[in-house]
Amino acid sequence: MSATNSLAAIGAFTRKRLVVLGQLTRFLGQLVLRCGVLFQRPRLTMQQVHFIGNYSLIIIAVSGLFVGFVLGLQGYYTLNRYGAEEALGLLVALSLVRELGPVVTALLFAGRAGTSLTAEIGLMKAGEQIAAMQVMAVDPIRRVLAPRFLGGIIAMPVLAAVFSMVGIIGGWVVGVLLIGIDAGAFWSQMQDGVDVFDDVMNGVIKSIVFGVAVTLIALFEGWQCKPTPEGVSRATTRTVVAGSLVVLGLDFVLTALMFSN
Amino acid sequence: MIEPIDAPATPSSQVLAFDNVTLGYGDFTVISELSLAINAGEVVAVMGGSGSGKTTLMRAATGQIPVMGGELKAFGQSMDRLKRVELEALRQRMGVLFQHGALFTDLDVFENVAFPLREHTRLSEEEIAQKVLHNLEAVGLRAAAHLKLSEVSGGMARRVALARAIVREPELVFYDEPFAGLDPISMGIAARLIRHLSDKLGCASVVITHDVPESFEIADTVYIVGQGKLKASGSPDSLRQSQDPYVKQFLEGAPDGPVAFDYPNTPAFERWCRDKGIEP
């Protein structure tokens, strides 16, 4: 391939990505403009919080427990070298609240709820349900997409909190019950070292941002997909890939902004 | 089955008019020079072979696709000059039975029929229940109100879609293949219901179908489309007596005649052939 062809291919690729970015931004604008549905018809959003949150709860809780177990073990082996094993509670809590809680929850959310949202919207499109709403003078963005968007944003911080809470319990089980670290030291170090605003609130902000990103990508992929089995399947895959990469990228940016002093 | 509508018929007036309209997708013209008019209280059957542009006609009339040429008016308003709010106001006066039902799979039978009422009216729960059950009874599915869509057959789902299309008593109803997948009894009931709605409510009904006996039974006017044009129109009796070879072949279902079985060449197909290096 000649240099000109390579340049043309790079140009075409960039142009295509910019078009998608523009469509995504416009789509976000349309969703935001219709977020009033939360107050006009709160039941629609609550149904989605229940659907998205409830069905992701088991995988989030189980994952949080195992991540907590591993943090307890790895943290103990490292801290033990310096005789600081009593700081295990602090290490587990900070790791979960600042980083692992929001990030791992968002990654699991993209795989569990994100794919479900993409497939649902894609299949609604394939089954002419979206067209039927439009013909019935019902705005599908307001009726179908906005409640799901809000549901994802509300559910994500709650799920991240559950993840962190179960993870801390996992760290306590390993550190205190199995290894035998002093329970008082485990909890008091955590209580002293974790700041509500610097740590917990920053984690909450992260999970809200991840909720917006993952839910937006999931809905956009479903909305834009070809209304065929293959189209829905490809869109579902793109949701997981794009959602996960965006979460990791955003996490780096947010961490740099929040904890860089 | 009960009589669903008790309102008197409204005076006749034109609700939909195609004036020399051309329709298509991208650079492919599906149908051109189409002129037809539909009045309130009238049942019109639009017939033609598969791919002749019947559903395209309905999509244009409901504002899903733009017209490529000519003028299309619904309720006296030109469809290509409407703002979104105006289009939504027009659509509220229409009802559509989709070819594949397009029912909402996350809702049960009752909620599917109640959907337009919940979205566009401020009726109480009791009034909604009364209206929905009334319309479900009209299609013989009152006792299926509680069922999930996965629990109803294809024919039942089409009857649910029919109930949803008429629940708001629209002034213009499009039925896209209303008889497809129905057993003979349901087909007869559906046909009589369409006629009954137009007679009692005064709504205009556009039945898109290739089912000759049922549509000829209820239609005031029949339009036959094919080969990208309006081929014939008239009352069912006049078309039955027509000596036009196209009309005769279509009504009799004869294999030989002017009705082309082959899909026509399109610019897209010719481009595809050129890319493949084969003769179109």
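The values are calculated or read from the model by the stated rules, or taken from the named source; none is laboratory data. Nothing here was measured: the structure is a model prediction, and the numbers come from that model. Here Cβ is always computed from backbone atoms with ideal geometry, including for glycine, and neighbour counts include all displayed protein chains.
The table below lists the values:
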{"quantity": "Filter result (of a type in the set (S, T, N, Q), modelled with pLDDT of 95 or more and within 20 Å of A:R98 (Cα to Cα)) within region A:217-261", "calculated": "A:S244"}
{"quantity": "Index of the failed condition, B:T105 passing every other in (1) free of Cβ contacts under 8 Å to residues at least 24 places away in the same chain; (2) within 14 Å of chain A (Cβ to nearest Cβ); (3) among the hydroxyl-bearing types (S, T, Y)", "calculated": "(1)"}
{"quantity": "Scope region B:83-102; condition free of Cβ contacts under 8 Å to residues at least 24 places away in the same chain and either in a helix (DSSP H, G or I) or within 8 Å of another protein chain (Cβ to nearest Cβ) (or both); matching residues", "calculated": "B:R84, B:V85, B:E86, B:E88, B:A89, B:H100"}
{"quantity": "Residue satisfying all of: in region B:146-156; part of a helix (DSSP H, G or I) and not small (G, A, S); modelled with the lowest pLDDT among these", "calculated": "B:M156"}
{"quantity": "Test: A:A131 is modelled with pLDDT of 95 or more, closer than 30 Å to B:L97 by Cβ and in a helix (DSSP H, G or I)", "calculated": "no"}
{"quantity": "Matching entry among B:A163, B:A129, B:A114, B:A143 (being out of contact with any Pro (no Cβ under 6 Å at 6 or more places or on another chain) and either under 25 Å from B:V43 (Cβ atoms) or outside any helix (DSSP H, G or I) (or both))", "calculated": "B:A163"}
{"quantity": "Failed condition for B:D220, given (1) closer than 22 Å to B:L23 by Cα; (2) at pLDDT 90 or above", "calculated": "(1)"}
{"quantity": "Candidate set from region B:191-215 (those that are within 13 Å of the chain's Cα centre (by Cα) and in a helix (DSSP H, G or I)); member that is nearest to B:L36 (Cα to Cα)", "calculated": "B:S215"}
{"quantity": "Output for region B:20-65, where each listed residue is free of Cβ contacts under 8 Å to residues at least 60 places away in the same chain, of a type in the set (V, I, T), surrounded by fewer than 20 Cβ atoms within 10 Å (Cβ to Cβ) and more than 14 Å from every other protein chain (Cβ to nearest Cβ)", "calculated": "B:T22"}
{"quantity": "Residue selected from region A:27-77 under the condition surrounded by 13 or more Cβ atoms within 10 Å (Cβ to Cβ) and among the polar types (S, T, N, Q), by the criterion nearest to A:E120 (Cα to Cα)", "calculated": "A:Q48"}
{"quantity": "Candidates B:E111, B:E119, filtered to the one that is facing chain A (nearest Cβ under 8 Å) and either at pLDDT 90 or above or more than 19 Å from the chain's Cα centre (by Cα) (or both)", "calculated": "B:E119"}
{"quantity": "Close pairs (8 angstrom Cβ cut-off, 6 or more residues apart or separate chains): touching a residue at least 60 places away in the same chain (Cβ under 8 Å) and under 14 Å from A:P42 (Cβ atoms) in region A:137-166, surrounded by fewer than 20 Cβ atoms within 10 Å (Cβ to Cβ) and of a type in the set (S, T, N, Q) anywhere", "calculated": "A:P147/A:Q47; A:G151/A:Q47"}
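Residue-wise test of (1) under 30 Å from A:L90 (Cβ atoms); (2) aliphatic (A, V, I, L, M); (3) away from every other protein chain (no Cβ under 14 Å); (4) buried (at least 24 other Cβ atoms within 10 Å of the Cβ).
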| site | (1), (2), (3), (4) |
| --- | --- |
| A:P102 | yes, no, yes, yes |
| A:L107 | yes, yes, yes, no |
| A:G122 | no, no, no, yes |
| A:E128 | no, no, no, no |
| A:M133 | no, yes, no, no |
| A:M136 | no, yes, no, yes |
